[in-house]
Structures are given as C-alpha cells and as structure tokens.
Amino acid sequence: MAVKKLQLTDKLPLMIRLGIYACIFFVIVIMGLPMLNVLAVSFSTAAKSDAPGLVLFPLPFTLEGYDFIWNFANLWRPFFTTAYVSAVGTLIHVFLSSMAGYVLIHKKLPLRNLLTTFVMLTMTVPGELTLVSLYEVNKQLGLINTSTAMIINGAVGGFSVLLMRNYFSGIPQTLAEASRIDGATDFTIFQKIFFPLSIPGVMTIGTLQFIGRWNSITIIVTLISDMKKWTLPVILRWLLFESSSTSGTAYIFANAKMAAVALTAMPLALLYFFTQHFFSTGVLLGATKE
C-alpha cells in the first residue's frame, strides 16, 4: 500500500512558508551580489572597472582583464604551481590518511584507543601555534622555498583519518577474514576491498583537502619567500592589497584583479559541482558509522 509522503511545507502555515522563502531569498542576494559584482567587473573594460559604484552587468563585455592578468602578469605560473601542489598533496593525503584509518580499525592493535585519542587531540591544536616549529623543521630538512614543502606539510590530517576509520569500521570484517584465508595480505585487503568500498569517504576528504590546499596562504608565506614559487591565493592577495603600493610595478586595473579572483575560485566551484554528491554522502555516513 503506497503511503503519500507529507512535505514539511504542507504542514506549515502560509505566512511561515513565505517568511522562510523571504529569508532564503535574502541570503541568496547577500551572498550572490558580491560574486556577481566580481564577475561583472572582471568582464568590464579597464576604464569602466575603476569607476565607483556597484557593477552588476559588464557594458561592454570584454575579456581584456583576463588576457592582461593571465599573460602580462604571468598568472599562469602560480596557477599551474597551485594545481600541481594541490593535486599531488591531495593524493598523498588521501592515501596516507586512508591507510592510517585502516590500521586503527584492527581490534588487536596495541594501544588502539590511545592512538585514536592522540589523533583526535591533534585536531584541537590551532595551526597558527605550530608555524614556528613547522618552519624550523622544514628549514632543518632543507625544504624552504621548495615545492616539496608545500606538498608534504599536511600529508596526514586527524579529521581525514577518523572519517576513514569510521567508514572502514562499517565494512563487514568477514570480507577481510575470507581474504586472509585465501592468502591476501593486509595491504591487498586494504587496496582491493576497503578502499573501493569507501569511495564517498575518499572523495570527501579529497575534496576538502584539495580546497584547503588550493586556498592555503599562511603555510605558503611561512615556507616560501621566493615570489616565483608563490601559489595563486598568495599572488592574488599581493595583487589586491600590495601591488598598488609597490613602486616600480605597472598599475593593475580592477577588471584584471577581479579576473584573478574569478580564475582562483573557478576550479573550486567546478570541483564542488562534480563532487557534491560524494561530499554530502561522505560527511553524513562517516559521521554516523560506529
């Protein structure tokens, strides 16, 4: 017998529903106007972009801001540097965090609860408090001003380890026991069984890690002093706040600056568009499994 599902809006009075829609519309306007302004200014001419006031439609439409910032300002260099360190760092992070999560599900692991507690405690320490020691360690290893420093720092994260541990805990252990009887090693079991069955969790930590690495500024400016090796967010910060006050540099119009903002945000928007299903499912299941 089919049962008709009742919608939440069917139970609410009309005035309350109108109030909810009004609040949602208000939030969309507040969040959407700055984004629309950035896009409109980026597609405007240099003269129009520097004019005061809020711009919502580019008149006339032009790509000169994107052409200037990509070629004249050499934005392609930090763009590909950011893409490289973000992609490689994310792959390493996903692999190591998944391996650590797999290790923590073994009940015979000595001090398993203590290790899990330690991983959880690392999430309570603000990253800013570790910058001095982080710089010193990388200096002693000779990693200052290298791409390796941007990749290996943050190679494992407490949140990612615990999320993957929760995922792996929900997979029947009988699969692993049957594989061991057939002679499979723990790494083979992890690679062939646990990892493929936890794709939503993998995509979740991968998406979060890629976004975090792409937007990272603090660690980059701490470890990288060579401007040619800066990533896109650091270059963007310099373009928006410091380039106009630096003598000897060409004036950068607002359309070029907003084009840099749009180019920085575009890959993340596309990434979230393609991974939002895995992202929402991964966070929910990873948080509820025991």
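For this structure, a couple of remarks:
For (1) within 17 Å of the chain's Cα centre (by Cα); (2) under 30 Å from T130 (Cβ atoms); (3) among the hydrophobic types (A, V, I, L, M, F, W, C), each residue gets a yes or a no:
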residue	(1), (2), (3)
N166	no, yes, no
S169	no, yes, no
T174	no, no, no
R180	no, no, no
F190	no, yes, yes
T207	yes, yes, no
N215	yes, yes, no
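- Candidate set from the stretch 57-83 (those that are within 18 Å of A265 (Cβ to Cβ) and of a type in the set (A, V, I, L, M)); member that is surrounded by the most Cβ atoms within 10 Å (Cβ to Cβ): I69
- Criterion (at pLDDT 90 or above and farther than 23 Å from T204 by Cα) met by exactly one of V137, V88, V161: V137
- So R165, is it free of Cβ contacts under 8 Å to residues at least 60 places away in the same chain, assigned by TED's automatic domain parsing to the domain that holds N113 and basic (K, R): no
- Any hit, the stretch 184-200, residues being of a type in the set (S, T, N, Q), in a helix (DSSP H, G or I) and without any contact (Cβ under 8 Å) to a residue 40 or more places away in the chain: yes
- Residue within the stretch 60-74 that is under 30 Å from M120 (Cα atoms) and either among the small types (G, A, S) or in a helix (DSSP H, G or I) (or both) present: no
- Meets criteria (at pLDDT 90 or above and in a loop (DSSP other than H, G, I, E, B)) for I144: yes
- E128 being in contact (Cβ under 8 Å) with a residue 60 or more places away in the chain, surrounded by fewer than 13 Cβ atoms within 10 Å (Cβ to Cβ) and in a helix (DSSP H, G or I): yes
- Among (1) of a type in the set (A, V, I, L, M, F, W, C); (2) without any contact (Cβ under 8 Å) to a residue 60 or more places away in the chain; (3) outside the structural domain of M150 (by TED's automatic domain parsing), the one test that F68 misses: (2)
- Residues of the stretch 254-290 that turn out to be at pLDDT 85 or above and either in a loop (DSSP other than H, G, I, E, B) or of a type in the set (V, I, T) (or both), as a count: 2
- Subset of the stretch 1-30 [modelled with pLDDT under 85, among the aliphatic types (A, V, I, L, M) and surrounded by 10 or more Cβ atoms within 10 Å (Cβ to Cβ)]: L12
- Candidates L175, L109, filtered to the one that is without any contact (Cβ under 8 Å) to a residue 60 or more places away in the chain, farther than 30 Å from D226 by Cα and in a loop (DSSP other than H, G, I, E, B): L109
Residues checked against (1) surrounded by 14 or more Cβ atoms within 10 Å (Cβ to Cβ); (2) over 30 Å from V261 (Cβ atoms):
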residue	(1), (2)
L114	no, yes
A184	yes, yes
T188	no, yes
I193	yes, yes
M203	yes, no
T207	yes, no
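The values are calculated or read from the model by the stated rules, or taken from the named source; none is laboratory data. The structure displayed is predicted, hence computed values, not measured ones. Reconstructed Cβ throughout: ideal geometry from the backbone, glycine too, with neighbour counts over all protein chains shown.
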